[in-house]
1. Give me the net charge for the shell around residue 247: Cβ to Cβ below 12 angstrom, other residues only, Lys and Arg +1, Asp and Glu -1.
2. Taking amide H positions as placed in the peptide plane 1.01 Å from N, state which residues far from residue 299 in sequence (5 or more) or on other chains have amide H under 5 Å from it.
3. Please arrange 352, 225 by how many other C-beta atoms lie within 10 Å of their C-beta, fewest to most.
4. Multiply the residue gap between residue 33 and residue 365 by 0.36 nm, knock off their C-alpha separation, and tell me the result in nm, one decimal place.
5. Can you tell me the dipole magnitude for the chain around its Cα centre, using point charges on the Cβ only (Lys, Arg +1; Asp, Glu -1), in Debye to the nearest 20?
6. Roughly what % antiparallel, to the nearest 5, for the DSSP beta bridges in region 142-268?
7. Along each of the three principal axes of the Cα atoms of the chain, give the extent in whole Å, ordering the values from largest to smallest.
8. Given only helices, namely DSSP H runs of n ≥ 4 each adding -39500 (n - 2.57), what is the per-residue ellipticity at 222 nm of the chain, to the nearest 500 deg cm²/dmol?
Amino acid sequence: MNLLRRHPVAIALVVLLLLTAIHPLPALVDAVTGSAPGDADLDRPMLYVIFAPLSDTLDAVTFFSLARAVWAVVVWVLLLAAWGAIRASSDSLSWRRIVASALLGPLALVALVVAALLLPRPVPRLVSDGPGTVIDYHAHTNASHDGRPGWTLAKLAQWHERQGFQATYVTDHNVIYDGSLPVPEGTSISLLPGVEWSVYRQHVVAIGRVEALPRDSFGESTARMIRMFAVIERQGGLSIASLPEYWRYHEEELSAFVLGGVDGFEIVNCAPKALGFPSDLRRQVVALAASHDLVVVGASDNHGWGQVTCVWNVSHPGAQGFHTNRVFARPLALVQGDWQAWTAPVTQPWFMLRSLTWAERASWLTWVVIILLYRALPRREGQAAGLGILARSLGRRSRETPTPVPNQTPT
C-alpha cells in the first residue's frame, strides 16, 4: 500500500499493461476484411523493441486524426500544467518556480510532438510471405507546396525502403513526376510516375504516365470534376479518388464517381485529416468498389513529416480491378474514425497499449521496474544518485572500510 501511495503512476501503468494484454489488437489488419492477415506481419528492429515505450508513444502521436489530436493536446496540456503547478505549490515554492513547473509538462509534450515529426528512429517494416509488390500509391516530395523543405526523391525513397516498400508512386500536388529524373544513387525501390490533381472539392491521384491538363476545366461543380476520370483514362493512367475529400464533400455522390469512370478509391490514408475516416463508410466504399470491380488502396500520403506509415499495399501481378491490391493497416490508425474526438486523451493510450506485441510489453514492464527501483529504493542523506540499492551498498562498503593504522615499533 505504501508503494501504491508513493508511486501511483508506475503501479497504474503496470496494471494497464497487464489488462490490455487480455484482449490485444493485432499488429496488422486487412482493411477490406478487418481480420489479421496470415501472410503479412511487421518486423520491428531490436532498438525499436528495446526502447518500446518511446517507439510506441511516438507512433501513437503520429497516428492521430486531426480532431482527436486537438482534443488530446488541449486536455494533456491543461492536466500537465495543473499537475506541475500543484506539486510546486505544495512545496511552498515561489510563484516563478510554480509557473516554471507548470510549463515543464506542456513543453515536454511539445517536444514529444516535434520528435514524432522529425526524429530519425527505428520503425517497423512490413514482411509478406505472399506474392506481390509492396507499394505505396500516394506520396509527396518537396515539389508539393506542402512538402517538407528538403524532402527530396532520395529521402522519400529511403523513407519507403526502411518500412518494407518495394515501390512508390510519386504524386506531388499538380506537378507530374514522369520518371525521367535520375533515380537517386543507392535507391533500391522503384519510383513510379504519377500526380495528385487538385480540382473541385476533390483530389484525384492519377498514376501512370499521364500528361498535363487544364484543371480549371474541372472546377465549379461535381459534374464537371468527374469528367477528369475519363481524361486520365484516355491518357493511359488510372484515377483514384483521394481521402479525405470524397468523404468530406461527395459522400452522397460516389455513384457519380463510378459512372464518371473512376478506377478506384483510397480506403486508408495516413494524413491527420484523413485518419478520421469512419469504418462504416469504409465498408460502404469497399462494397461499392467490389460491386463495380474497382481497386481500393491505402496511401501513406507522406509529405516528409513523421517517420512511420500506417498502411501498406501488396499489389498482385496479373490481377485486375478489385482483386489487384490488398491493403494492410495498423489498427491504431483505423480506430481513429470510430471514437468521438473528445475521448482521445484516454482512448489513444488505451489503444496504443492494446497494440503492443509481447516483446514490446516486456520492454515496457522492464523500463517501469527499472524506473520504479530508481525512485522507490531509498538512499541515505548526502548519498550520490544511482540505483538505490547499489548506491546504498557502495556507500556502506566505503564507510565500513577500516582506516589503516600506522605500524608501531614496540619499545
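1. Neighbour charge sum, excluding residue 247 itself: -2.
2. 268, 269, 270
3. Values: 352 18, 225 25.
So the ranking, lowest neighbour count to highest, is 352, 225.
4. Working: separation 332, 0.36 × 332 = 119.52 nm, distance 3.30 nm.
Between residue 33 and residue 365, full extension yields an extra 116.2 nm.
5. Details: 33 positive and 32 negative charges, 509 e Å.
With only Lys, Arg, Asp and Glu charged at Cβ, the dipole is about 2440 debye.
6. On the way: 12 of 18 bridges.
Here the share of antiparallel DSSP bridges comes out near 65 percent.
7. Computed over the Cα atoms, the extents are 115, 47, 41 Å.
8. On the way: 16 runs with 176 residues, N = 411.
Dividing the helical sum by the residues of the chain leaves -13000 deg cm²/dmol.
No value in this document is a laboratory result; all are computed from the given coordinates. Predicted, not measured: the structure shown is a model, and the values here were computed from it. Don't worry about glycine lacking a Cβ; one is built from the backbone with ideal geometry, like all the others, and counts go over all protein chains shown.
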